[in-house]
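Okay, structure first, notes after.
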Amino acid sequence: MLYIKTFGYFDIRLDGKSLLEGVNRSYKIFRLFEYLLTFRGKKLLPESIVENLWQDNEYTDPRSALRLQIFRLKKMLDKILPDVADTTKYYRIKFSNGYYCFELGEQAILDAEEFHDYIEKGDSIETDEAIELYKKALKLYNGPYLADNSYEMWLVPVRNHYNRLYIKTLLKLLEILKGREEYSSIIELCEDAINMEPYEEIIHIYLMEAMLKLGFIKEALDHYEYITSLLYKEMRVSPSLRLKSIYRKIKGYYSEKKEVTIDGIREKLEEDNYQGALLCDSDTFKVLLNLQKRKGLRDEVSDFIGLITLDPKDNDEYSEKDIKNAVKVMTRVLEKSLRKGDVFSLWNDSQAVAILHKAKEDGLNKIGNRIRKNFYNNIQENKYRISIKFLPLTSKNNVL
């Protein structure tokens, strides 16, 4: 069985042995083969092929030039493939009605097709079998699609497609394993994934959370310092809200390991002498939200949930410093504008969520107007508009 590898470096193998060793690789011929392979099963105009592959060359007769390159490609493949008398079981290049069409034969396997198949099957079956199929798919992806071909523009959308599918499948599998408390497997998967996606923040977060669950607190802290340093050094990006949240968890694990007295616990849990609303992280907010929902179903308490969103005016793009400043102002405004019994959290880089305890529906507009007024009065440069939505906490509709 012929095996064609496209993730990471390109290779053609038979019985585990590379057929490309010692082969004189013509750049044009191999790029043509990779192009036909990528768009297998599709009708391709000769002019489109030439324009995508050799746009820097001016051919007086592009059809003839392509015909010559395809002849050379067939000759090269016939040379490296076994059973030259019948190459159709490995591949076919057809020309019909002015179009070329490349097809793989029944004796050829493409890793990209396997990747898709494993994921599609995993999406359609029960969890236990899906886990194994997702793992097989992720194992196939050991680098970007045709990584050794870095500068072809036609490859960008295809490469991005496989990259997005890889990350989506990885996160789906990590979430399944998290629900099953298989934290060692999560660490193993994340460490492999980080080698290929070092700047994908969410993978680092899954890794650190799994480390904490297994008691590897120092390792989690070391990794936090590593990823925040990497993001700042390479991309000048400061820790996001999600990374700050995991840092608070890590510090919380450290403090919980210290022996405390009952007085110490009381002091730690005692509320600060502060009259405004309570700011908490997203995990604490979720707990409080579910608690208030349960209370509302039992006691018919009129609690509301609010979504406060910062939107740039006129769709302008602003610097990270501008965004951070606006979020700081919004945080201070919410602390002062909401009541002591209310709770809010920064949900992402431009949105906050709030629980309004025992609020009256006819008073929501007043609360919203107070928040807007205080925000616009406190922001130095009015580059943002603030939008606010409220829904009853027990509503089936979701404001988030």
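The values are calculated or read from the model by the stated rules, or taken from the named source; none is laboratory data. Since the structure is predicted, the reported quantities are computational estimates derived from the model, not experimental observations. Don't worry about glycine lacking a Cβ; one is built from the backbone with ideal geometry, like all the others, and counts go over all protein chains shown.
For the subset of segment 123-161 comprising residues that are among the basic types (Lys, Arg) and under 16 Å from Ser185 (Cβ atoms), which member is farthest from the chain's Cα centre (by Cα)? Before you say what the answer is, go through the steps one by one.
Kept after step one, since they are among the basic types (Lys, Arg), are these residues of segment 123-161: 135-136, 139, 159.
Remaining after also requiring under 16 Å from Ser185 (Cβ atoms): 135-136, 139.
Values: Lys135: 17, Lys136: 19, Lys139: 18 Å.
Ranking the candidates gives Lys136 first.
Taken over segment 141-179, the criterion of being among the hydroxyl-bearing types (Ser, Thr, Tyr) and either closer than 28 Å to Glu126 by Cβ or modelled with pLDDT of 95 or more (or both) is satisfied by Tyr141, Tyr145, Tyr162, Tyr166, Thr169.
Here segment 219-243 is the region considered, the condition is being among the charged types (D, E, K, R) and at pLDDT below 90, and the residue that is surrounded by the most Cβ atoms within 10 Å (Cβ to Cβ) is Arg242. Being among the hydrophobic types (A, V, I, L, M, F, W, C) and over 26 Å from Lys244 (Cβ atoms) is a property that Ala359 has. Tell me, please, whether a residue that is among the hydrophobic types (A, V, I, L, M, F, W, C), more than 21 Å from Arg294 (Cα to Cα) and outside any helix (DSSP H, G or I) can be found in segment 351-373. Yes, some residue in segment 351-373 is among the hydrophobic types (A, V, I, L, M, F, W, C), more than 21 Å from Arg294 (Cα to Cα) and outside any helix (DSSP H, G or I). Filtering segment 1-30 down to residues that are more than 25 Å from Phe71 (Cβ to Cβ), more than 34 Å from the chain's Cα centre (by Cα) and not aliphatic (A, V, I, L, M), which residue is surrounded by the most Cβ atoms within 10 Å (Cβ to Cβ)? Going through the qualifying residues, I end up with Asp15.
Identify all residues within segment 25-64 that are of a type in the set (Gly, Ala, Ser) and part of a helix (DSSP H, G or I); write none if there are none.
Hits for segment 25-64 are Ser48, Ser64.
As a summary of the residue check, Ile265 satisfies the conditions (1) assigned to a helix (DSSP H, G or I); (2) of a type in the set (Val, Ile, Thr); (3) modelled with pLDDT under 85; (4) assigned by TED's automatic domain parsing to the domain that holds Gly179 except for the one numbered (4). Pairing residues of segment 104-120 that are among the basic types (Lys, Arg) with residues that are part of a helix (DSSP H, G or I) and surrounded by 14 or more Cβ atoms within 10 Å (Cβ to Cβ), at Cβ distances under 6 Å and at least 6 apart in sequence or on separate chains, gives no pairs at all.
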